[in-house]
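What follows is one structure encoded as structure tokens, with my remarks underneath.
The values are calculated or read from the model by the stated rules, or taken from the named source; none is laboratory data. Computed from a predicted structure; not experimentally measured. Cβ: placed from backbone, ideal geometry, glycine included. Neighbour counts: every protein chain shown. Ligands, DNA and RNA are excluded from the accessible area calculation, which covers all protein heavy atoms including side chains. Shrake-Rupley method; radii C 1.70, N 1.55, O 1.52, S 1.80 Å.
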Amino acid sequence: MRLALFDLDNTLLAGDSDHAWGEFLCQRGLVDVDTYRARNDAFYQDYLDGKLDVHAYQNFCQEILGRREMAELQRWHDEFMREHIEPLVLAKGEALLRRHLEAGDRVAIVTATNRFITGPIAARLGVETLLATECEMVDGRYTGRLTDIPCFQEGKVQRIERWLAENEQTLEGSYFYSDSRNDLPLLERVSHPVAVDPDPTLRRIAEERGWQIISLR
């Protein structure tokens, strides 16, 4: 079965769900607004610049998960989905997912954003297979710490390779859709790399290498 892999943020969504979650927390007054927003914005800029310290960022954004009960976190996420994510869902992205599913392809979202944020988004998009950065849980509660290999840059390749081995799949004939320079390691591994509304660095590289460039906006 052919694989169709998708980045999530700024690819299937018209924005970044990770950064949007931080904004949601600030707007609700659930964190120290000025301090949290400044750090959230700084981490996001580092991501755009291709120099994010993913461990430092995950420690920052997962910390609040370890201080709250699951029921409360779920209520927050329900509001987040309605108010912040639904407006970002791209109709052309949903149509592209459908085309791959109707063609009999195995569709997966591969994202650096953590599973707490992205699990419900993948479900909303009708995608069953999600590789995301993982949140440690103990006794049914988040600890606020990262676990496993972050699904970021070369980590996406490591996570995909492990998933391929576990599922007896290969990358033969595979597609990967992404907007970001951070995804070059995985884009270079698939049969059909596709740059989606790419950042300037990825656009330049895609043009140099003759990769397909599309817009879902």
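So that you can scan it fast, the table gives a plain yes or no per residue for (1) closer than 25 Å to residue 57 by Cβ; (2) more than 17 Å from the chain's Cα centre (by Cα):
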residue: 100; (1), (2): no, yes
residue: 108; (1), (2): yes, no
residue: 113; (1), (2): yes, no
residue: 125; (1), (2): yes, no
residue: 158; (1), (2): yes, no
residue: 162; (1), (2): yes, yes
residue: 167; (1), (2): no, yes
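In the set 75, 99, 68, which member is open to solvent by 30 Å² or more (accessible area, probe 1.4 Å), closer than 30 Å to residue 2 by Cα and of a type outside the set (A, V, I, L, M, F, W, C)? Before you say what the answer is, go through the steps one by one.
Details: 75 fails: closer than 30 Å to residue 2 by Cα; 68 fails: closer than 30 Å to residue 2 by Cα.
The unique qualifying residue is 99.
In segment 130-146, which residues are farther than 23 Å from residue 20 by Cβ and either part of a helix (DSSP H, G or I) or among the polar types (S, T, N, Q) (or both)?
Matches in segment 130-146: 143 only.
Being farther than 25 Å from residue 2 by Cα and either open to solvent by less than 70 Å² (accessible area, probe 1.4 Å) or modelled with pLDDT of 95 or more (or both) narrows it down to one of 143, 118, 129, so name that one. Don't jump to the end; show me each part of the working.
Values: 118 fails: farther than 25 Å from residue 2 by Cα; 129 fails: farther than 25 Å from residue 2 by Cα.
143 is the lone residue from the list that is farther than 25 Å from residue 2 by Cα and either open to solvent by less than 70 Å² (accessible area, probe 1.4 Å) or modelled with pLDDT of 95 or more (or both).
Only one of these is at positive phi, at pLDDT 95 or above and surrounded by fewer than 16 Cβ atoms within 10 Å (Cβ to Cβ): 50, 104. Name it. Steps first, please.
Details: 50 fails: at pLDDT 95 or above.
The conditions single out 104.
Looking at residue 110 and the list (1) open to solvent by 10 Å² or more (accessible area, probe 1.4 Å); (2) in contact with a Cys (Cβ under 8 Å, 6 or more places away or on another chain), which single condition is not satisfied?
Only one criterion is unmet by residue 110, namely (1).
Taking segment 182-204, which residues are without any contact (Cβ under 8 Å) to a residue 40 or more places away in the chain and within 28 Å of residue 169 (Cα to Cα)? Outline the logic, then answer.
From segment 182-204, those without any contact (Cβ under 8 Å) to a residue 40 or more places away in the chain are 184-185, 187-189, 191-195, 198, 200, 202-204; that's our starting set.
Correct list: 184, 185, 187, 188, 189, 191, 192, 193, 194, 195, 198, 202.
Can you report the number of residues in segment 170-211 which are part of a strand (DSSP E or B) and either buried (at least 21 other Cβ atoms within 10 Å of the Cβ) or of a type in the set (Val, Ile, Thr) (or both)?
Summing the residues that are part of a strand (DSSP E or B) and either buried (at least 21 other Cβ atoms within 10 Å of the Cβ) or of a type in the set (Val, Ile, Thr) (or both) in segment 170-211 gives 7.
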